[in-house]
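The values are calculated or read from the model by the stated rules, or taken from the named source; none is laboratory data. Because the structure is predicted, anything quoted here is derived from the model rather than measured. Heads up, the Cβs are rebuilt from the backbone with ideal geometry, glycines too, and the neighbour counts pull from every protein chain shown.
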Amino acid sequence: MRLKISVWGGQAFGREKGKWKVKVTGGRHSIVNSKLSILNFSGQTLIETVVALAVVIVLVASLLSVSIVSVRSATLSRNQAVASQLAYKELENVRNARDSSPTWSSFYNQFVSGICTSTCYTSCNSASCTLYSSGVKTVTANDVGTTFTVSISGSAISSDTIQAKSSVGWTDSSGTHTQVLVTKFTAWQ
């Protein structure tokens, strides 16, 4: 309830109990009871607060979802980079095994028709690399915290060329992933 009393020449015609506020508009004065005005507009302030709170909640939720997607993408990229390095290292180990083998035919027979008919993996020391036929090896990258499985498979292209495929797999919050590198080894000696 709002009480408005019009005044001409600055004199009020009547007075209610409470404080008066004078507002000058043009040459005419208006007196408004400030206690009654506050009571009329208190509900509007509550609605504005609820709307503002809803806007803040929507903004925070959208920023949080963008952050989650960003962290997942960064984790996937990091794991892909580590997997590529592991796959490349495994192919280099096969290259070292080829180079340390006494003859091309012994490496060829071991890799294509012997140990690596389905999958194999390598193990290297300072002198040479050896192929093992137990399937895959498991590598945990300490700086990443993800466990990777590494394997090699090979196939003969010709009597002096082998195609080797290095596969690295891992599982994270986005699912199961595989990184594959393929190269060819030839009888270069």
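Side notes on the structure shown:
- Check on Ile157, among the aliphatic types (A, V, I, L, M) and in contact with a helix residue (DSSP H, G or I) (Cβ under 7 Å, 6 or more places away or on another chain): no
- Where Ser113 falls short, out of the listed (1) surrounded by 11 or more Cβ atoms within 10 Å (Cβ to Cβ); (2) at pLDDT 80 or above: (2)
- Selection status of Lys17, in a loop (DSSP other than H, G, I, E, B), modelled with pLDDT under 90 and charged (D, E, K, R): yes
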